[in-house]
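*Asks:* Here it is: the structure, laid out below.
Bear in mind these aren't lab numbers, they're just calculated from the coordinates by the rules spelled out. These numbers were taken from a predicted model, which means no experiment stands behind them. Positions of Cβ are generated from backbone atoms using ideal geometry, with glycine treated the same way; all protein chains shown enter the neighbour counts.
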Amino acid sequence: MRAISYLAVFALSATTLVGMARAEAPKGWSDDLAKALEKAKSTNKAVLVEFTGSDWCPPCKMMRENVFSKKEFMAAAAKNFILVEIDMPKGDKTVAEKNQPIVEKYKVDGFPTVILLDSAGKEFGRFYATEHPKTEAFLQRLATELEKKGLD
């Protein structure tokens, strides 16, 4: 009987840990695209949307560590963009189900994908984040996209 109790406690603990495995969005990032678009309109900024699999995607984890969580990136990107992370974690079905319609709407076919939207919500850039795995290169890509759009 005691073994069954221990097994039940272990199973509940493991389930809780798997649910917690999803990393929270880096500080300064939103997880609400609709609110970000509203803020973009009022501040006349663009929106950078990063589609990620925070708890299962090695390239996503690498980009978070090497670029998206860096102070240099945050300071520079926040000048022109509202930052949004749309996560598709395997360990949090509620978050994945909430974000699935957004992934489908933007026809995201791989992770990590970055989509740039103007303040009206119109897409003007799309690329795989791993094309620019260093902060300086990523920021240069953003500057290039803004310049092409005439938003620099």
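*Asks:* Could you pull the Cα extents of segment 22-149 along its three principal axes, largest to smallest, in whole Å?
*Replies:* 37, 28, 25
*Asks:* At a Cα cut-off below 16 Å, give the lysines reachable from LYS45, other chains included and same-chain residues fewer than 8 away excluded.
*Replies:* Here the lysines satisfying the reach criterion relative to LYS45 are LYS35, LYS79, LYS122, LYS148, LYS149.
*Asks:* In addition: For segment 126-146 and segment 46-107, compute the distance between their C-alpha centroids and round to whole Å.
*Replies:* Cα centres, segment 126-146 to segment 46-107: 14 Å.
*Asks:* Hey, another quick one. With the crude spin-label approximation of a point 7 Å out along Cα→Cβ, what separation in nm comes out for THR94 versus GLU147?
*Replies:* 4.5
*Asks:* Here's another thing I want to ask about it. Restricting attention to the alpha-carbon atoms of segment 87-129, what are Rg (one decimal) and Dmax (integer), both in Å?
*Replies:* Final numbers for Rg and Dmax: 11.4, 33 Å.
*Asks:* Turning to a different aspect of this structure: As an exercise, identify the trypsin sites (Lys or Arg not before Pro) in segment 93-135 lying in DSSP coil whose Cβ has no more than 15 other Cβ atoms within 10 Å.
*Replies:* Details: sites: LYS93, LYS98, LYS105, LYS107, LYS122, ARG126, LYS134; in loops: LYS107, LYS122, LYS134.
Listed in order of number, the matching sites are LYS107, LYS122, LYS134.
*Asks:* What is the fewest-to-most order of MET88, MET74 by other Cβ atoms lying within 10 Å of their Cβ?
*Replies:* Values: MET88 24, MET74 17.
Ranked by crowding around the Cβ, least crowded first: MET74, MET88.
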